[in-house]
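Heads up, the thing below is written out as structure tokens.
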Amino acid sequence: MTDCLFCAIGSGAIPAAIVAETDRVAVFRDVNPQAPVHLLAIPKAHFGSVAELAAVAPDLVSDLITEGSAAAVAEGATNGYRIVFNTGHDGGQSVGHVHTHVLGGRQLTWPPG
Ligand code: AMP
């Protein structure tokens, strides 16, 4: 999709701190980290939300979780981590290309704000 930041990161057109990659998925460090480990896992193809991704390509949801989890541990979140798909306005989604946040490296609080 044109003018999509995460499409551009997935294709390599815009640089990011990529920590893991397959032919279909990229995992990179969030530019504004909210925890010592804060990664984003994206499909390289454009999907707007996790619901859309799950409906069309559920295997890619699995890939995001598998690759994001492995990268979190590799980055040092060995004591646990949190995987979050912010979805839509009320869910706090600001980038319209599905991504999962993978947060760890400290004790995370609950509930989120
Ligand atoms: P959300 O608000 O859930 O859509 O999450 C979007 C995330 O993308 C935020 O945590 C941003 O800090 C992060 N972000 C925005 N631009 C970049 C970028 N160029 N590289 C890495 N992370 C980014």
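The values are calculated or read from the model by the stated rules, or taken from the named source; none is laboratory data. Remember, predicted model here, so these are calculated numbers, not experimental data. All Cβ positions, glycine included, derive from the backbone under ideal geometry; neighbour counts span all protein chains shown. Surface areas here come from the heavy atoms of the whole protein model, side chains and all, with no ligands, DNA or RNA. Shrake-Rupley method; radii C 1.70, N 1.55, O 1.52, S 1.80 Å.
About its Cα centre, what dipole magnitude does the chain give when the only charges are +1 on Lys and Arg Cβ and -1 on Asp and Glu Cβ, stated in debye to the nearest 20?
280
How much length, in nm to one decimal, is gained on full extension between Arg106 and Cys4, taken as 0.36 nm per residue of separation minus their Cα-Cα distance?
33.6 nm
Just to check I understand the Karplus step: with θ = phi - 60° and J = 6.51 cos²θ - 1.76 cosθ + 1.60, what whole-Hz values come out for region 88-93, glycine and proline as x?
x, 4, 5, x, x, 7
Where does each of 34-45, 58-69, 88-99 land if you order them by average Cβ count within 10 Å, highest first?
Result, highest mean first: 34-45, 58-69, 88-99.
Using only the alpha-carbon atoms, how far is helix 58-74 inclined from the longest principal axis of the chain? Give it as 0 to 90 degrees, nearest 10.
For helix 58-74, the angle is close to 40 degrees.
Name the residue farthest towards the positive end of the dipole of the chain from the options Val19, Thr109, Ala57, assuming +1 on Cβ of Lys and Arg, -1 on Cβ of Asp and Glu, about the Cα centre.
Thr109
Tally up the carbon and sulfur contribution to the accessible surface of the chain as a whole percent, 1.4 Å probe, everything protein left in place.
The nonpolar share, carbon plus sulfur, comes to 55 percent.
Classify region 5-104 as rounded, prolate or oblate from the Cα gyration tensor: take a ≥ b ≥ c as the square roots of its eigenvalues, call it rounded if a/c is under 1.5, otherwise prolate when a/b beats b/c and oblate if not. Display every interim value, and only then the final one.
Values: a/c = 1.36, a/b = 1.25, b/c = 1.09.
Because its axes are fairly even, with a/c under 1.5, region 5-104 counts as rounded.
Under a 5 Å amide H to amide H cut-off, with H placed in plane at 1.01 Å, what residues pair with Ala20 once short-range neighbours are removed?
The list, which skips near neighbours in sequence, is Val27.
Once the Cα gyration tensor of region 1-64 is diagonalised, what are the square roots of 5 times its eigenvalues, in whole Å and ordered largest first, as equivalent ellipsoid semi-axes?
Semi-axes, largest first: 19, 14, 11 Å.
Rounded to the nearest 0.05, what FRET efficiency do Thr78 and Thr22 give with R0 = 30 Å and r taken as the Cβ-Cβ distance? Could you check?
Approximately 0.85, to the nearest 0.05.
Once you list every other residue whose beta carbon is under 12 Å from the beta carbon of Val27, what net charge do they have if Lys and Arg are +1 and Asp and Glu are -1?
Taking every Cβ under 12 Å from that of Val27, the sum is -2.
Can you tell me the FRET efficiency between Ala13 and Ser94 if r is taken as the Cβ-Cβ distance and R0 is 25 Å, rounded to the nearest 0.05?
Working: r = 20 Å, r/R0 = 0.80.
Result of the calculation: an efficiency of 0.80.
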